[in-house]
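Report on the structure given below.
Nothing in this text is a laboratory measurement; each read-out follows from the coordinates by a stated rule. Owing to the predicted nature of the structure, the values given are computational and were not obtained by experimental measurement. Counting neighbours? That spans all protein chains shown, and the Cβs are built from the backbone with ideal geometry, glycine included.
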Amino acid sequence: MATQNIKVITRKPLRWWEKLYIPQVLAGMKITLGIMLRKPVTLKYPFERPVIPKGYRGVPTLVKDQNGREKCVSCQLCEFVCPPKAIRITPGEIDPESGNEHIEKAPAEFEINMLRCIYCGMCQEVCPEAAIVLQGEYSLNGYSRSGMINDKKKLYELGGTIPDPVRKWDKKKRA
């Protein structure tokens, strides 16, 4: 049988001042008071919002050119490249009296399901007409699931108009 080496440690008895725990309570109050006097880091959301870093990928929206025309030509590349299949496009015809006869087609319906969207930005990257733009908006809410599906009208409201330096649609189609 092995010999057991047991070491007995004796504790010093607490003094009367230490038994009251006043030094520990005062040290804790000092820390609390120091934190209370600091400038708060929280924001009064939604009235104050944090600064959004450059390159932030937010809500995908549709934009129009400076003349108020739709830039989307229903190529459906964004629909095909979307990993969660959040985009649904139904191509439609252009009205011949609109003056845009050089454009082949436009979306009859365009929907983005924001409950499925993962904000990857692939739709913006693949769009040849720069019709989809990821806005800096990060706070989306709705009262129902159907309220979180953005249709074409809502997407244009969120996106607005972005100037197009190329002015591609001002040029006529050559025969």
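Scanning the chain for trypsin sites (Lys or Arg not before Pro) in DSSP loops with at most 12 neighbouring Cβ atoms within 10 Å leaves 86-144 as the longest stretch between them. Taking label points 7 Å from Cα along the Cα-to-Cβ direction, residue 80 and residue 51 give a separation of 4.2 nm. The relative contact order of segment 1-113 comes to 15 percent, based on Cα pairs under 8 Å that sit 6 or more residues apart.
Based on C-alpha pairs under 8 angstrom that are at least 6 apart in sequence, segment 60-167 has a relative contact order of 40 percent.
Calculated mean residue ellipticity at 222 nm for the chain: -5500 deg cm²/dmol, from DSSP H runs with n ≥ 4 weighted as -39500 (n - 2.57), summed, divided by the residue count and rounded to 500. Taking a ≥ b ≥ c as the square roots of the Cα gyration tensor eigenvalues, with a/c under 1.5 meaning rounded and otherwise prolate when a/b beats b/c, else oblate, which class fits the chain? Verdict is prolate for the chain.
Label sites at residue 32 and residue 153, each approximated as a point 7 angstrom past Cα along Cα to Cβ, lie 5.6 nm apart.
Among 97, 18, 48, the largest mean-square fluctuation in a Gaussian network model of the chain (Cα springs under 10 Å) belongs to 18.
Rounded to the nearest whole Hz, the Karplus-based 3J(HN,Hα) values (6.51 cos²θ - 1.76 cosθ + 1.60, θ = phi - 60°) of segment 144-150 follow the sequence 8, 5, 5, x, 9, 9, 7, with x at glycine and proline. What's the longest bit of the chain with no exposed chymotrypsin sites (Phe, Trp or Tyr not before Pro), using DSSP loop states and at most 11 other Cβ atoms within 10 Å as the test? Here the longest segment lacking exposed loop sites spans 48-142. If you run the Gaussian network model on the chain, springs between alpha carbon atoms under 10 Å, then out of 84, 23, 107 the most flexible one is 23.
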